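No value in this document is a laboratory result; all are computed from the given coordinates. Everything numeric in this text was worked out from a predicted model, so none of it was measured. Here the Cβ is made from the backbone with ideal geometry for all residues, glycine too, and neighbour counts use every protein chain on show.
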Amino acid sequence: MFKERCILKKGDPKDIKFICMDMSAPFQAETKKEFPKAKIIFDKFHEIKVLSQQLIRTFGFRDSVSFYC
């Protein structure tokens, strides 16, 4: 969908160098297919969320700020 919109707006998908996205495997697969040269960068919110969830699972604690899924 993004590739088509880029073309519609007179852009060239080959010019896309970086794409910031969440860590969803289907999004990553589609992005790699549509923009094979673009570097995928994960947004900080999702990185912190995954890290926090792993810390909770590993150490079995929660602090005053917790993420719910």
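Observations on the structure shown:
- Annotation for K10 and E30: the two label points, set 7 Å from Cα along the Cα-Cβ direction, are 2.7 nm apart.
- Of (1) 13.2; (2) 14.2; (3) 15.4, the label for Kirkwood radius over Cα pairs in Å derived from the coordinates: (2)
- Exposure here means at most 15 other Cβ atoms within 10 Å; with trypsin sites (Lys or Arg not before Pro) in a DSSP loop as sites, the longest stretch of the chain lacking them is 38-61.
- Crossing angle, helix 25-34 versus the chain [Cα axis fit, 0-90 degrees, rounded to tens]: 20
- The calculated 222 nm mean residue ellipticity attributable to helices in the chain amounts to -14500 deg cm²/dmol, summing -39500 (n - 2.57) over DSSP H runs of n ≥ 4 and dividing by all residues.
- When the Cα positions of A25, V50, L8 are compared along the charge dipole of the range 2-59, L8 comes out farthest toward the positive end, with charges on each C-beta of Lys, Arg, Asp and Glu.
- Using alpha-carbon coordinates, inclination of helix 44-59 to the longest axis of the chain, degrees: 30
- Taking a Cβ cut-off of under 10 Å around M23, the surrounding Lys, Arg, Asp and Glu residues balance to a net charge of -2, with basic ones at +1 and acidic ones at -1.
- GNM result for the chain, Cα springs below 10 Å: residue of F45, F59, F27 fluctuating most strongly: F59
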